[in-house]
Structures are given as C-alpha cells and as structure tokens.
Amino acid sequence: MPVTETFRVPKRRRNVPEARQRTREALAEWGVSDETTETAALLVSELVANAVLHCRVSYAQVQVVLTLDDAELTLEVSDPDRDRVPRAHESAPDDEGGRGLALVEALSDDWGWRQDAYTKCVWARIALEPSDAAGPSGSLVPGGARARTAAPAEPERPAHHDRVSP
C-alpha cells in the first residue's frame, strides 16, 4: 500500500534546508537506503529552490509530497504560480545557476510537470532497489511517530510531461 508524507514550507530560500531535512527524516523512517535518501533529498532541494526562485506569488507556500509505492518513490513540489512552467536551458560554464533541471534529469528515472487547478507541480520519480523496498521489519513502513495517509489506489499520472535533454 502506498504511503505519503506531505508538508509545506514558506517560499523563502532559507526554508530549502528544512524541506531537505524533512525528506531525509520521512525516507529514513520508511526504511529507504541512505543512498536513495540522499538522492531524493538533493532532488527535493533542487525542486523547492526552483519553486522559491521562480514562483511570482507573494507569501506563497511550497508543498512537498513524497510517495513510496512498491518499487518507486515519487517526489512532487507544487507552488501557486501555475502558469510559470519549468523550462530547461543551456547554462554557460561560468553561469552561477541554471543547472537545477539538468540535475533533476540526471538523478531521477523520470520527471515532468503538470498544471493543476490552482498550482503547478514539478515531479520526479526514482526507481527503488530491492534493499529500499523493505525496512528493518520487512514492511514498507516501519512504525513511526508521524501519521501517514494512504495514497489513492490508482494515482493519476501527470497530464503534462516536459522532458529535457541532458
């Protein structure tokens, strides 16, 4: 059965480390390997940093949804600037930024974006290794202090998929 962790952080640069830490905590609680956890934390950092940088809505909240479903981990980052969709571009070697989506492309097995009714969601998926699929007790979710909610039986796949070339 899929398990989900959802949290929000204010749209400020100083909150990116909080999103990264909360991702690490949830995945550790679920028994996901350290390597996959660090990859997921880096992906969440990049996606939240992009939302913080590009969302033009003042005082916005950025929502992060982590979903563990059998052999796949899905990371979703949403912000209320639904019409400003991600666009990859080539960065010059001396550019200070602009490599976030290339990093997401390189580290995830799949990624894309969708426009929901009031938000835009950028998502990434990571295929899990067999060692990630079970925690110490052999179940997907070791007992934890935080409450978890089950995802719908058949989660919707994103309506839009905008891939970038490496």
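When each of L103, L43 is tested for being assigned to a helix (DSSP H, G or I), in contact with a helix residue (DSSP H, G or I) (Cβ under 7 Å, 6 or more places away or on another chain) and surrounded by 21 or more Cβ atoms within 10 Å (Cβ to Cβ), the lone residue that passes is L43.
Taken over the stretch 46-64, residues that are over 10 Å from S78 (Cα atoms), part of a helix (DSSP H, G or I) and of a type in the set (V, I, T) amount to 1.
Can you find a residue that is more than 16 Å from W113 (Cβ to Cβ) and assigned to a loop (DSSP other than H, G, I, E, B) anywhere in the stretch 24-31?
Step one: of the stretch 24-31, the residues more than 16 Å from W113 (Cβ to Cβ) are 24-31.
With assigned to a loop (DSSP other than H, G, I, E, B) added as a condition, the list becomes 30-31.
Yes, the stretch 24-31 has at least one match.
Evaluating S58 against the criteria (1) closer than 11 Å to V122 by Cβ; (2) of a type in the set (S, T, Y); (3) at pLDDT below 95 leaves one unmet condition, (1). In the set (1) in contact with an Asp or Glu (Cβ under 9 Å, 6 or more places away or on another chain); (2) free of Cβ contacts under 8 Å to residues at least 60 places away in the same chain, the condition left unmet by E76 is number (1).
Quick check: is even one residue across the stretch 133-154 at pLDDT 90 or above, among the hydrophobic types (A, V, I, L, M, F, W, C) and open to solvent by 30 Å² or more (accessible area, probe 1.4 Å)?
Taking the stretch 133-154 first, the residues at pLDDT 90 or above are none.
No, the stretch 133-154 has no match at all.
The values are calculated or read from the model by the stated rules, or taken from the named source; none is laboratory data. Owing to the predicted nature of the structure, the values given are computational and were not obtained by experimental measurement. Heads up, the Cβs are rebuilt from the backbone with ideal geometry, glycines too, and the neighbour counts pull from every protein chain shown. Heads up: the accessible areas ignore ligands, DNA and RNA and are worked out on the full protein's heavy atoms, side chains in. Shrake-Rupley method; radii C 1.70, N 1.55, O 1.52, S 1.80 Å.
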